[in-house]
1. Note down all Cβ pairs under 6 Å where the first residue falls in region 275-294 and is within 24 Å of S343 (Cβ to Cβ), the second is part of a helix (DSSP H, G or I) and polar (S, T, N, Q), and they're at least six residues apart or on different chains.
2. Tally time: how many residues in region 40-54 are within 16 Å of the ligand (Cβ to nearest atom) and either outside any loop (DSSP other than H, G, I, E, B) or open to solvent by less than 10 Å² (accessible area, probe 1.4 Å) (or both)?
3. Please tell me if V269 is buried (at least 20 other Cβ atoms within 10 Å of the Cβ), within 16 Å of the ligand (Cβ to nearest atom) and closer than 19 Å to K331 by Cβ.
4. Is at least one residue of region 194-203 open to solvent by 50 Å² or more (accessible area, probe 1.4 Å) and touching an Asp or Glu at 6+ places or on another chain (Cβ under 7 Å)?
5. Taking region 272-298, which residues are part of a loop (DSSP other than H, G, I, E, B) and over 30 Å from L353 (Cβ atoms)?
6. Give me a count of the residues in region 321-336 that are more than 10 Å from the ligand (Cβ to nearest atom) and either part of a helix (DSSP H, G or I) or open to solvent by less than 10 Å² (accessible area, probe 1.4 Å) (or both).
7. Residues to consider are E310, E240, E250; find the one that is touching a helix residue (DSSP H, G or I) at 6+ places or on another chain (Cβ under 9 Å), part of a helix (DSSP H, G or I) and of a type in the set (D, E).
8. Return the pair list, or none, for Cβ contacts closer than 8 Å from residues in region 205-228 that are open to solvent by 70 Å² or more (accessible area, probe 1.4 Å) to residues that are in a helix (DSSP H, G or I) and of a type in the set (A, V, I, L, M, F, W, C), at least 6 apart or on different chains.
Amino acid sequence: MLHAPFFDPTKSYYENWEKGPFNEFTDGTVFPVEKEQRFTFLGQKLNYPFGIPAGPLLNSHFMKAAMEKGFDVPVYKTVRTRIKKCNDWPNVLPVIVDGDLTLEKAKKGLTVKDDYTEPLAITNSFGNPSYPVDVWQKDIAETVAFARTRPGQIVVGMVEGTRWEKESTEQDFIYDWVLAAQLMKETGAHAIEANFSCPNEGDRVSRLLCFDAEISQKIAERIKNKIGDLPLAIKISYFEDETELRSLVEKVAPIVDGISAINTIPAPVYDKEGKQALPGGPWRLKSGICGAPVKWAGLDMVRRLKKLREEFGMTYEIVGVGGVTIPADFKEYRDAGADVVMSATGAMWNPYLAKEIKEAYPNG
Ligand SMILES: Cc1cc2nc3c(=O)[nH]c(=O)nc-3n(C[C@H](O)[C@H](O)[C@H](O)COP(=O)(O)O)c2cc1C
């Protein structure tokens, strides 16, 4: 059953930031943390291997509410080293998907629907906006302070480097990643996640960074040198090509502590008249699809990452993301080899998802 969402798609990103979270997410029910932490994640004690990935948790109000509702690994929405404006509203729309969103279906494009109904499938398009550094640093530090009252919950800060100027060099770009990670470290976040799955930031325009193993390696290395012992995870997208995935894992996995997959699956999104659904330039025709129909892709990546980890004798932890909307989805991810599982869309429409999963699978 869908509840009213804690991020309200009818409101702008800014209104959500200022007034959210909404609905039952802040109904005052607080679930206690466990007396003993039975799990670990990125070298830290953890209550239970379930959380919310970067996205719906816009600031400390959302992060705290998530922790109180038992999401033990909340990730703060991606931040940058300078202010960046959000794409024009709307940023979230429901889409029609029949069954799994295969890559073929995604290529053909999707049409929006009127309401958020099950199977829950949405597109999201924010452009990874960022408040100024001093705002997010203070806000994340507050979340970390709150986490001290809730042992076994791990605050993850997600960063992204930016080519701020057209003439930015690769060195500038790498430097911006390192700066972002350093600024995040200063907040006291328990771990850093680097968003290697955001479009238009890679060496080749419109290629995702994670598809460029060489620059991904350089960035991961430089960040790790800067942040030292603080755990570092990278977030990657769905890889069609196994050779590309192997190459990334071979080059980057020895440097990082964790790999999260997946981000969204991009697809052109149309309104009922067949016109571009999201307002703005043609670049906004394509946007990321998430929710139930992308579960197959997250599961597939978890299985492949597990296989590669065994083959290479590596130790990175695997975070399974994509399409978790009911407890059985969590179990499928765990069985596939996810060390930690996360839900963005499913959690947005069900504040009790962590509670339900913990009740269904007390041993994780
Ligand atoms: C509202 C919303 C905002 C998102 N923003 C980000 C983001 O800032 N950074 C990021 O790496 N992924 C972002 N994502 C993608 C999610 O982290 C996740 O990878 C994707 O939604 C698939 O999971 P799901 O099917 O559980 O939603 C966002 C997702 C949603 C629903």
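The values are calculated or read from the model by the stated rules, or taken from the named source; none is laboratory data. Being a predicted model, the structure only gives us computed values, none of them experimental. No Cβ is skipped: glycine too gets one built from the backbone with ideal geometry, and neighbour counts run over all protein chains shown. Keep in mind that these areas ignore ligands, DNA and RNA; they rest on the heavy atoms of the full protein, side chains included. Shrake-Rupley method; radii C 1.70, N 1.55, O 1.52, S 1.80 Å.
1. Listed pairs, sorted by first residue: C290/T345; G291/T345.
2. 5
3. Here the answer is no, as V269 does not meet what is asked.
4. Yes, there is a match, as at least one residue in region 194-203 is open to solvent by 50 Å² or more (accessible area, probe 1.4 Å) and touching an Asp or Glu at 6+ places or on another chain (Cβ under 7 Å).
5. K272, E273, G274, K275, P279, G280, G281, L285
6. So the count comes out to 9.
7. On inspection, the qualifying residue turns out to be E250.
8. Qualifying pairs under 8 Å: K218/I174; R222/I174; R222/W177; R222/V178; K226/V178; K226/A181.
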